[in-house]
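Participant: I'd like to ask some things about the structure below.
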Amino acid sequence: MSLIKILDIKMNTLKRGTSGDLADFLNREIEEKLSFLDAVEGLPYAKSDIVQLIGTIEICKVKCLTGEINAKRLYRDADYALSLFKIKHPGFDYLTDPALNAYYS
């Protein structure tokens with residue numbers, strides 16, 4: 001999974017970007033797409049941790065679309081979130097992670 005694919009903006013997120021229930025919508029969408037993780041063993045993180053990471057990245061993308069942050073800041077924020085996640089979960093590799101591949105494919 002490349003960082004370019006992670007930063008790709010989905011149209012359904014764009015449509016929800018101005019509504020007040022964005023965080024709830026994102027959490028439901030992420031949980032739904034990652035429901036298969038309940039059966040996966042050996043992941044270096046808890047499901048709730050990866051859901052939070054993806055939610056953070058998705059909120060940053062919406063902020064970029066609404067003009068709150070620029071594209072350079074979006075890239076830095078996403079890279080920083082991935083780096084922190086890697087520090088907290090040393091076995092995590094965003095290039096091969098099954099959860100990121102499932103969500104962003």
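The values are calculated or read from the model by the stated rules, or taken from the named source; none is laboratory data. Fair warning: this is a prediction, and the values are worked out from it, not measured in the lab. Cβ sites come from the backbone with ideal geometry, for glycine too, and all protein chains shown count toward neighbours.
Participant: Any residue in the range 26-53 that is under 20 Å from Leu82 (Cα atoms) and modelled with pLDDT of 90 or more sitting within a Cβ distance under 9 Å of a residue that is among the charged types (D, E, K, R) and exposed (fewer than 11 other Cβ atoms within 10 Å of the Cβ)? List the pairs, counting only those 6 or more apart or interchain.
Facilitator: Within 9 Å, the pairs are Lys47/Asp38.
Participant: Right, here's the next one. Which of the helices (runs of 4 or more DSSP H) contained wholly in the range 4-105 include at least 1 residues that are surrounded by 11 or more Cβ atoms within 10 Å (Cβ to Cβ) and small (Gly, Ala, Ser)?
Facilitator: 22-33, 47-65, 71-88, 98-104
Participant: Here is a follow-up. Need pairs with beta-carbon distance below 9 Å; first residue of a type in the set (S, T, N, Q) and within the range 94-105, second crowded, with 18+ Cβ neighbours inside 10 Å; sequence gap 6+ or separate chains.
Facilitator: Close Cβ pairs (under 9 Å, with a partner that is crowded, with 18+ Cβ neighbours inside 10 Å) amount to Thr96/Met1; Asn101/Met1; Ser105/Met1.
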